[in-house]
Amino acid sequence: MNLLAVERIKLFSTRSPWWCALITLALTIGFAAIIAGATPSDSQLTLSATQFGGSQFGIAVVMVLAALAVTTEYRFNTIRTTFQAVPHRSPALIAKAIVVALVALVIGEIAAFGALGLGMLMRPDDHLGLHTAQDWMNVAGLGPVFAVSAVLAVALGILIRHSAGAIALLLIYYLAVEELVQLIPKIGHTIHEWLPFNVANKFLRGSAVVDGPAPSDSPLSPGWALAYFAGIAIVFLLVALGVAKKRDA
């Protein structure tokens, strides 16, 4: 518990988490407002459309927040003080991952329900609401996806240790690589089915054809999709912990 308190203090002693949280909320809720305003009066605003900003851009900003939580310490050498206080290193890094994941979870839930609430206010006649289990996953599921994405970004931050490199790799992969993989002849589609953010999209959106990005082609059910995504993040974190133990701070 002491380590969690220390990591919380360190995280919020810098400006980047606050700015990233505000940007995430602005993107998620802002896109909901734009889409609600741009939807013609004779068309119905869908629930998934209100979550477009969070599921497409909010995740990217949260991963930047998580990566900076680690790489900033390496940049200013404060990680050495942490490792002197906790020689085994792993407990401190796990505490950091937990704190960042919890912050990401809270940001995701506020953003998702804020976007839904704004959509309901702007389009009261469209009967937006959480009517099915898939509706709940589409909205409430954004927080867990943010949290797992944050753990993945923390792991990458530990491995790379440089802010620019970690952020560039995260954003390039998230925004481009998974889509480009589908262009590989014969095997591209099969590989894409199992890529982490495509699988996370299956948890959020299921298989229904709705407005916005195409639904995931992952063969997993939504529950197993979240478990698979979390498993990948845990594997990366374990690898990062092993590497952090062996090299100099």
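List of remarks:
- Taking only the Cα atoms of region 114-157, the radius of gyration and Dmax are 14.4, 45 Å.
- Counted by Cβ distance under 15 Å from Lys246, the other residues give a net charge of +3, where Lys and Arg count +1 and Asp and Glu count -1.
- Our Cα-only numbers for region 3-47 put the radius of gyration and Dmax at 17.4, 54 Å.
- Net +/- balance of residues flanking Ala92 in space, Cβ distance below 12 Å, scoring K and R +1, D and E -1: +3
- Sorted peptide list for 236-244, 171-179, criterion being average Cβ within 10 angstrom, highest first: 236-244, 171-179
- Alpha carbon convex hull of region 51-119, volume per residue in cubic angstrom: 74 Å³
- The chain - Debye-derived log10 I(q)/I(0), Cα point model, q = 0.11, 0.15, 0.16 Å⁻¹: -0.59, -1.02, -1.13
- Sites listed here are chymotrypsin sites (Phe, Trp or Tyr not before Pro) in region 86-152 whose DSSP assignment is loop and whose Cβ has at most 13 other Cβ atoms within 10 Å, and the list is empty.
- The solvent-accessible area of Leu102, taken with every protein chain present and a 1.4 Å probe, is close to 100 Å².
- For the chain, hydrophobic long helices are taken as DSSP H runs at least 20 Å long by C-alpha position along their axis with mean Kyte-Doolittle hydropathy of 0.0 or more; these are 16-38, 59-75, 90-122, 142-160, 222-246.
- Solution diffusion estimate, µm²/s, Stokes-Einstein, region 7-142, Kirkwood Rh from C-alpha pairs, 37 °C, viscosity 0.692 mPa s: 201 µm²/s
- Accessible surface of Asp248 - all protein chains present, 1.4 Å probe, nearest 10 Å²: 130 Å²
- Ellipsoid semi-axes for region 64-164, based on the Cα gyration tensor and the rule √(5λ), read 37, 13, 10 Å when sorted largest first.
The values are calculated or read from the model by the stated rules, or taken from the named source; none is laboratory data. Predicted, not measured: the structure shown is a model, and the values here were computed from it. Every residue, glycine as well, gets a Cβ built from its backbone with ideal geometry; the counts of neighbours run over all protein chains shown. Please note that ligands, DNA and RNA were not included when accessible areas were found on the heavy atoms of the full protein model with its side chains. Shrake-Rupley method; radii C 1.70, N 1.55, O 1.52, S 1.80 Å.
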